[in-house]
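The values are calculated or read from the model by the stated rules, or taken from the named source; none is laboratory data. Remember, predicted model here, so these are calculated numbers, not experimental data. For neighbour counting, all protein chains shown are included, and Cβ atoms are generated from backbone atoms with ideal geometry for every residue, glycine included.
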Amino acid sequence: MGKRRAVPERTAVARPHRRSGVPLWAKVALPLVVLAVALVIGSGAFDRSPPTTAQRAAAIEAGVRCPSCTDVSVAQSNASTAIAVRHQIEQMVADGRSTADIDQVLVSEYGQAILLVPPDAGGVPLIWIIPIVLGLGAIATVGVVLWRRSRAFGALRSEDADGRADARDHETV
């Protein structure tokens, strides 16, 4: 038989961790997109059917206070004044009046206290915009921090690999 060649010993070489083909941003963005789509669909934003007159009247009645009750809507009360206001609202809805017109008629007859929901003062968009801007800012900050860390980790990893290569070169010399 022939001579056997000496096989050099293999040193344990750290293999880089195999990454999946999907980038991190996609792993984060996909669930957020699915959540956003589910919330939009669940909110009924695509429901195009207009409310019936009875549904519209019921919605208005839920926001109008019973004139003779304390903190109860006319939809919840069986007081005679609440029934009269319900009939008045149903008649105005059947006549085709807008919700703003109906509210204005009721306020002129009973005063501003008749409305359970106060009129819009114009600050509502600001109430929604500020948390959204702060949330997007927080997400961007976290994204930048993670991006910087991943770059720093990659640089450290390459320096470590270069250091090991230099150490092997010195061992073989």
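Tabulated data
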item: Count - residues of region 97-135 that are at pLDDT below 85 and touching a Lys or Arg at 6+ places or on another chain (Cβ under 9 Å); result: 0
item: From Val117, Val133, Val105, residue being part of a loop (DSSP other than H, G, I, E, B) and not small (Gly, Ala, Ser); result: Val117
item: Leading residue by the ranking (modelled with the highest pLDDT) among those in region 26-73 that are charged (D, E, K, R) and surrounded by fewer than 10 Cβ atoms within 10 Å (Cβ to Cβ); result: Asp71
item: Residues that are part of a loop (DSSP other than H, G, I, E, B), more than 22 Å from Pro119 (Cβ to Cβ) and not charged (D, E, K, R), drawn from region 45-76; result: Ala45, Phe46, Ser49, Pro50, Thr52, Ser68
